[in-house]
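Below you'll find the structure, written out as structure tokens, and then a few comments.
The values are calculated or read from the model by the stated rules, or taken from the named source; none is laboratory data. Because the structure is predicted, anything quoted here is derived from the model rather than measured. Methodologically, a virtual Cβ is constructed for each residue, glycine included, from the backbone with ideal geometry; neighbour enumeration extends over all protein chains shown.
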Amino acid sequence: MSKLTLKTEGDTHVIVTRHFAAPPEAVYRAHTDPKLIQKWLLGPEGWTMPVCINEAKPGGKFRYEWTNGKGRGFHVTGEFLELEPYHRIVHVERMYLPDPTPDNHVETKFDPDGKGTLMTMRMTLPDAQTRAAMLATGMERGMEASYVRLEGMI
Amino acid sequence: MNGLDAAFSALADPTRRAILARLAKGETTVNELAKPFEMTQPAISQHLKVLEDAGLIVRRVDGAKRPRRLASAGIDAMDQWLAMLRKALEKNYDRLDGVLAGMEQHKRGEKR
């Protein structure tokens with residue numbers, strides 16, 4: 001059984017939730033410490049993140065660069081808007097393919113859930129067209145929204 | 001635009017999503033499809049054309065009527081694509097589970 005849920009909301013949002021068997025502090029740190037991010041935010045098998053810059057403070061910037069080791073790669077840049085340790089991160093990001101995609105506004109929350117953490121990531125795209133394009137091209141970092149079986153529409 | 005791009009773009013419109021939701025319940029005539037919407041039939045037909053071009057619905061000839069239904073091949077292709085993306089995302093978070101377990105162990109080690 002998958003612990004992951006993905007759904008679309010309205011015309012411009014994508015919501016991802018996932019439970020983790022670790023306290024919010026640890027999950028928050030794994031989202032903000034470059035050494036930890038490099039270990040998991042990798043997407044498909046075979047990809048690595050040789051560049052991981054992350055200034056986790058309001059107004060701070062981040063830059064992630066991925067490569068598959070065979071000449072293919074892409075990068076994401078973003079800025080932090082709000083950080084409430086160990087509860088909430090708000091940032092904007094865009095992917096370069098190589099032209100920058102429209103900004104994705106992302107709020108990530110870490111709430112205590114039993115002995116672990118419930119992470120809720122709420123993405124807001126500028127418009128329905130951008131969200132559709134993001135879903136069709138794969139969404140950065142392997143993100144997705146579930147139109148599966150048209151669940152979200154019915 | 002490839003098939004999947006067209007399919008996802010077709011889904012960017014709320015009216016077209018509502019039409020698909022209706023068709024998920026079974027084959028429907030254009031008149032019936034138009035009923036819940038404050039729209040002219042040409043406007044609805046335009047939406048149906050977008051969905052058809054995207055491979056999400058097909059039409060059948062039944063006398064003067066052209067009832068529409070979901071195209072299982074198009075819907076399946078989207079399902080498969082999304083399943084693949086879901087897998088990539090799950091892979092990230094499964095790896096994160098491992099990272100978190102490692103952090104916990106490290107912490108215990110420090111306390112000793």
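If a residue must be within 7 Å of another protein chain (Cβ to nearest Cβ) and either touching a residue at least 60 places away in the same chain (Cβ under 8 Å) or part of a loop (DSSP other than H, G, I, E, B) (or both), how many such residues does the range A:27-44 contain?
Taking the range A:27-44 first, the residues within 7 Å of another protein chain (Cβ to nearest Cβ) are A:27, A:30, A:36, A:39-44.
With the extra rule that they be either touching a residue at least 60 places away in the same chain (Cβ under 8 Å) or part of a loop (DSSP other than H, G, I, E, B) (or both), the set shrinks to A:27, A:41-44.
The qualifying residues number 5.
Go through (1) more than 16 Å from A:Asp111 (Cβ to Cβ); (2) surrounded by 15 or more Cβ atoms within 10 Å (Cβ to Cβ) one by one and return the number of the condition A:Ala30 breaks.
Among (1) more than 16 Å from A:Asp111 (Cβ to Cβ); (2) surrounded by 15 or more Cβ atoms within 10 Å (Cβ to Cβ), the lone unmet condition for A:Ala30 is (1).
Return the residue satisfying two criteria in turn: it lies in the range B:1-35 and is part of a loop (DSSP other than H, G, I, E, B) and within 14 Å of chain A (Cβ to nearest Cβ), and of such residues it is modelled with the lowest pLDDT. It would help to see each step written out before you state the result.
Initial filter on the range B:1-35 (part of a loop (DSSP other than H, G, I, E, B)): B:1-2, B:11-13, B:24-27, B:29, B:35.
Among the residues that remain, those that are also within 14 Å of chain A (Cβ to nearest Cβ) are: B:1-2, B:11-13, B:24-26.
On the way: B:Met1: 46, B:Asn2: 56, B:Leu11: 77, B:Ala12: 73, B:Asp13: 77, B:Ala24: 77, B:Lys25: 78, B:Gly26: 85.
Among residues in the range B:1-35 that are part of a loop (DSSP other than H, G, I, E, B) and within 14 Å of chain A (Cβ to nearest Cβ), the one modelled with the lowest pLDDT is B:Met1.
Within the range A:61-71, is even one residue within 14 Å of another protein chain (Cβ to nearest Cβ), closer than 30 Å to B:Pro14 by Cα and in contact with a Ser or Thr (Cβ under 9 Å, 6 or more places away or on another chain)?
Looking only at the range A:61-71, we keep the residues that are within 14 Å of another protein chain (Cβ to nearest Cβ), and these are A:64, A:66, A:68.
Remaining after also requiring closer than 30 Å to B:Pro14 by Cα: none.
No, every residue in the range A:61-71 fails to be within 14 Å of another protein chain (Cβ to nearest Cβ), closer than 30 Å to B:Pro14 by Cα and in contact with a Ser or Thr (Cβ under 9 Å, 6 or more places away or on another chain).
Does B:Gln46 qualify as being over 20 Å from B:Gly74 (Cα atoms) and not β-branched (Val, Ile, Thr)? Break it down into steps so the answer makes sense when it comes.
Values: over 20 Å from B:Gly74 (Cα atoms): no; not β-branched (Val, Ile, Thr): yes.
No; evaluated as a whole, the condition is false for this residue.
Please verify whether the range B:22-36 includes one or more residues that are closer than 26 Å to A:Thr12 by Cα and among the β-branched types (Val, Ile, Thr).
No; the residues of the range B:22-36 include none that is closer than 26 Å to A:Thr12 by Cα and among the β-branched types (Val, Ile, Thr).
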